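Right, one structure below, let's go through it.
The values are calculated or read from the model by the stated rules, or taken from the named source; none is laboratory data. This is a predicted model, so every value here is computed, not measured. Don't worry about glycine lacking a Cβ; one is built from the backbone with ideal geometry, like all the others, and counts go over all protein chains shown.
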Amino acid sequence: MGEKSGPTAFANVQPGTDVRAVLGKDAEGLLGYESKTVGKGQLYLPGPDFVDRVFSQSDRNVPTLRNFQTILNTGRLAGTGYVSILPVDQGIEHSAGASFAPNAAYFDPENIVKLAIEGGCNAVASTIGVLASVSRKYAHKIPFLVKFNHNEMLTYPNVFKQSYFGSVRQCYEMGALAVGATIYFGNDTSRDEIAYVSDMFEEAHSYGMVTVLWCYTRNASFKVKGADGKSTDYHASADLTGQANHMGATIKADIIKQKLPTNNGGYAALNSGSSAYGKWDKRVYTNLCGSDEAGNGGHPIDLCRYQILNNYMGRVPLINSGGESKGASDLAEAVATAVINKRAGGMGLISGRKAFQKPLGEGVKLLHAVQDVYLDKSITVA
């Protein structure tokens with residue numbers, strides 16, 4: 001496998017994916033939509049000058065600014081202001097066997113990094129152990145984003161609680177340009193996680209490393225049974241994930257990783273009947289998301305834009321996750337997610353299982369297809 005890296009390895013790259021054809025019947029609804037909520041003119045949008053125009057206004061030190069720019073200057077998307085990141089931390093999060101059974105080659109950390117490089121990614125994200133094992137060979141060839149906490153799945157019964165697998169100093173010593181962490185907002189351990197990750201992000205900034213937060217909600221009560229007896233899962237609702245994003249930005253995450261909204265109305269559902277939860281306003285749904293007063297409906301682009309509003313109007317960029325691999329539908333789903341993210345005003349996609357749980361060539365093709373959405377100048381912010 002030939003290795004490519006750096007800002008010039010993919011110079012003058014042109015998109016090679018027919019996005020409209022991949023989207024099929026969904027093409028017009030996603031590519032032709034114009035947002036009717038908060039206008040794009042109020043957002044801080046990605047671009048080649050994002051670090052100079054937006055990020056440099058913050059209190060981040062010069063090494064952090066440089067490392068953010070280095071990430072933006074790497075891979076097929078170099079110079080666009082957008083990012084495509086390969087995350088392979090599932091060996092801990094979902095167990096190594098379950099994650100790598102579809103393609104056992106990825107038990108070897110080197111193959112993870114090779115996929116990110118061949119796939120033209122801006123960075124590779126993984127565990128301390130995975131990236132440390134190949135750091136001397138690859139840390140100077142592609143930016144490392146080292147995840148320092150995880151929810152391990154060997155404890156019985158399984159619990160949703162982040163464990164800390166290493167230190168910020170370890171990430172720095174292996175040459176990482178960025179660190180990542182997860183917080184399970186809404187969980188009974190989230191207050192401790194917020195305090196700990198906030199401290200570790202401040203330490204990471206002192207070393208000049210960019211901070212990326214996996215802003216996930218997690219609480220059994222977020223699955224709500226309706227009057228019809230059917231349960232609706234609000235873990236990825238626009239309103240709840242938007243608030244998680246806002247809290248992540250508050251502890252100085254430089255980039256927020258979030259699931260694409262699958263619905264809306266989490267606060268409304270959790271305040272139905274005799275229950276009371278949080279603070280909410282119906283205008284979140286009607287004015288900011290294009291939903292009805294109960295949070296029903298809303299275009300996917302507007303729901304994603306609401307996440308970006310909570311990221312300080314885009315001052316803290318949003319990258320959406322690619323989700324699990326479902327087989328034949330992976331390419332269309334990944335491209336659709338990229339279109340929604342880009343047109344909402346997001347900075348990119350972080351897609352793992354859809355890329356590494358298949359043969360190398362197919363994984364590279366999928367990563368390139370996602371990147372082609374951001375390279376295609378005809379696909380604009382809605």
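For this structure, a couple of remarks:
- Restricting the first member to region 19-40 and to residues that are on the phi > 0 side of the Ramachandran plot, and the second to residues that are in a helix (DSSP H, G or I) and not β-branched (Val, Ile, Thr), the beta-carbon pairs closer than 9 Å and six or more apart or on different chains are Gly24/Ala332.
- Applying the condition of being among the small types (Gly, Ala, Ser) and buried (at least 24 other Cβ atoms within 10 Å of the Cβ) to region 57-95 and asking which residue is nearest to the chain's Cα centre (by Cα) yields Ser84.
- Tyr164 being surrounded by 20 or more Cβ atoms within 10 Å (Cβ to Cβ) and either touching a helix residue (DSSP H, G or I) at 6+ places or on another chain (Cβ under 8 Å) or small (Gly, Ala, Ser) (or both): no
- Residue check for Thr8: modelled with pLDDT of 95 or more, more than 21 Å from the chain's Cα centre (by Cα) and part of a loop (DSSP other than H, G, I, E, B): no
- Checked against (1) touching a residue at least 60 places away in the same chain (Cβ under 8 Å); (2) under 19 Å from Ile379 (Cα atoms), Glu333 passes all but a single condition, namely (1).
- The condition (being modelled with pLDDT of 95 or more and surrounded by 24 or more Cβ atoms within 10 Å (Cβ to Cβ)) is satisfied by just one residue among Pro317, Pro300: Pro317.
- Residues in region 40-56 that are crowded, with 17+ Cβ neighbours inside 10 Å and either at pLDDT below 95 or not in a helix (DSSP H, G or I) (or both): Leu43, Tyr44, Leu45, Pro46, Val54.
- When Ala338 is tested against the conditions (1) of a type in the set (Gly, Ala, Ser); (2) surrounded by fewer than 24 Cβ atoms within 10 Å (Cβ to Cβ); (3) free of Cβ contacts under 8 Å to residues at least 40 places away in the same chain; (4) in contact with a helix residue (DSSP H, G or I) (Cβ under 7 Å, 6 or more places away or on another chain), the lone failure is (2).
- Pairs with Cβ under 7 Å, 6+ apart, first in region 54-66 and under 17 Å from Ser206 (Cβ atoms), second part of a helix (DSSP H, G or I) and among the polar types (S, T, N, Q): Leu65/Ser56
- Test: Ala253 is touching a Leu at 6+ places or on another chain (Cβ under 8 Å) and not aromatic (Phe, Trp, Tyr): yes
- Matching residues, region 184-204, being touching a helix residue (DSSP H, G or I) at 6+ places or on another chain (Cβ under 9 Å), over 16 Å from Ala249 (Cβ atoms) and among the hydroxyl-bearing types (Ser, Thr, Tyr): Tyr184
- Qualifying residues in region 135-161 (those that are under 16 Å from Ala125 (Cα atoms) and of a type in the set (A, V, I, L, M, F, W, C)) - the one surrounded by the fewest Cβ atoms within 10 Å (Cβ to Cβ): Ala139
- Remark: pairs (first residue in region 284-307, farther than 18 Å from Ala338 by Cα; second residue basic (Lys, Arg) and in a loop (DSSP other than H, G, I, E, B); Cβ separation under 6 Å; 6+ apart in sequence or on different chains) = Gly290/Lys36.
- Single condition Gly248 does not satisfy, out of (1) buried (at least 22 other Cβ atoms within 10 Å of the Cβ); (2) farther than 13 Å from Val197 by Cβ: (2)
- Failed item, numbered, when Arg169 is tested on (1) surrounded by fewer than 17 Cβ atoms within 10 Å (Cβ to Cβ); (2) farther than 19 Å from Pro63 by Cβ: (2)
- Restricted to region 220-238, and to residues there that are part of a helix (DSSP H, G or I) and within 18 Å of Ser190 (Cα to Cα), the residue that is nearest to the chain's Cα centre (by Cα) is Phe222.
- Among the residues making up region 75-88, those that are touching a Phe, Trp or Tyr at 6+ places or on another chain (Cβ under 9 Å) and assigned to a loop (DSSP other than H, G, I, E, B) are Gly75, Arg76, Leu77, Ala78, Thr80, Gly81, Tyr82.
- Residue tally, condition of a type in the set (Asp, Glu) and surrounded by 21 or more Cβ atoms within 10 Å (Cβ to Cβ), over region 173-198: 0
- Filter result for the condition that a residue is within 17 Å of Gly120 (Cβ to Cβ), of a type in the set (Gly, Ala, Ser), buried (at least 24 other Cβ atoms within 10 Å of the Cβ) and modelled with pLDDT of 95 or more, over Gly322, Gly352, Gly295, Gly348: Gly348
- Arg343 meets each of the listed conditions (1) in a loop (DSSP other than H, G, I, E, B); (2) of a type in the set (D, E, K, R); (3) under 23 Å from Asn263 (Cβ atoms); (4) touching a residue at least 24 places away in the same chain (Cβ under 8 Å) apart from (1).
- Some residue of region 243-255 being within 26 Å of Asp26 (Cβ to Cβ), assigned to a strand (DSSP E or B) and in contact with a strand residue (DSSP E or B) (Cβ under 7 Å, 6 or more places away or on another chain): no
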